[in-house]
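K.L.:
Let me begin by handing over the structure; questions about it come next.
The values are calculated or read from the model by the stated rules, or taken from the named source; none is laboratory data. The shown structure was predicted, so the numbers you read here are calculated from the model rather than taken from an experiment. For neighbour counting, all protein chains shown are included, and Cβ atoms are generated from backbone atoms with ideal geometry for every residue, glycine included.
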Amino acid sequence: MNTFGKNTTATATTMATSTSSSSNVVTTIAKPAISTVSAFDKQIQKWIELDNKLKKINSEIKTTREMKNDLEASIMDVVNNKKLLNTSISTMDGRLRFIETKTSNPLSLTFIEQCLHEIIPNSSQVQHILKYIKDKREIKINPEIKRYYNS
């Protein structure tokens, strides 16, 4: 089984060897069998096709979201002017309710540092606490394919 979970039989594997002239380092690169490369090429082509499709869909979503947000701002102006906050409107598939929601900003290290300086006068203690927080953060490494476009 190869990396992609498909059975492939490698009838011949060729080796390419190169020697650097500035040092005595020998690099050996194993070239996979042609059937594996062909399947790999097809997977790359499919990935690029799906990436292009997602890019187009995300662009459409962004445009639609901007139009919706513009309409929402306009509608909420009318709601506020006519004092319709906390009222509902029936629709064919449910209802719309005009409400206000509260959201908090995320906890940034800058904000945490500002708050710590307000309650701890010793700057070195604040820096020690911040370093501890930074060092304790979990780091997760995710493998991914990063696409770069030619300019």
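K.L.:
Scan region 100-116 and tell me whether some residue there is over 30 Å from residue 133 (Cα atoms) and in a helix (DSSP H, G or I).
P.N.:
The answer is no; no qualifying residue exists.
K.L.:
In region 105-126, is there at least one residue being within 30 Å of residue 76 (Cα to Cα) and of a type in the set (S, T, N, Q)? Break it down stepwise before answering.
P.N.:
Residues of region 105-126 that are within 30 Å of residue 76 (Cα to Cα), as a first pass: 105-107.
In the following step, the residues that additionally are of a type in the set (S, T, N, Q) were identified as 105.
Within region 105-126, one or more residues are within 30 Å of residue 76 (Cα to Cα) and of a type in the set (S, T, N, Q).
K.L.:
Of the residues that make up region 76-92, is at least one in the same structural domain as residue 45 (by TED's automatic domain parsing) and under 30 Å from residue 54 (Cα atoms)?
P.N.:
Let us first name the residues in region 76-92 that are in the same structural domain as residue 45 (by TED's automatic domain parsing), namely 76-92.
Imposing the further condition that a residue be under 30 Å from residue 54 (Cα atoms) reduces the set to none.
No.
K.L.:
A further question follows. Here is a check on your reading of the model: is residue 77 within 29 Å of residue 145 (Cβ to Cβ), at pLDDT 55 or above and either of a type in the set (D, E, K, R) or outside any helix (DSSP H, G or I) (or both)?
P.N.:
Here the answer is no, as residue 77 does not meet what is asked.
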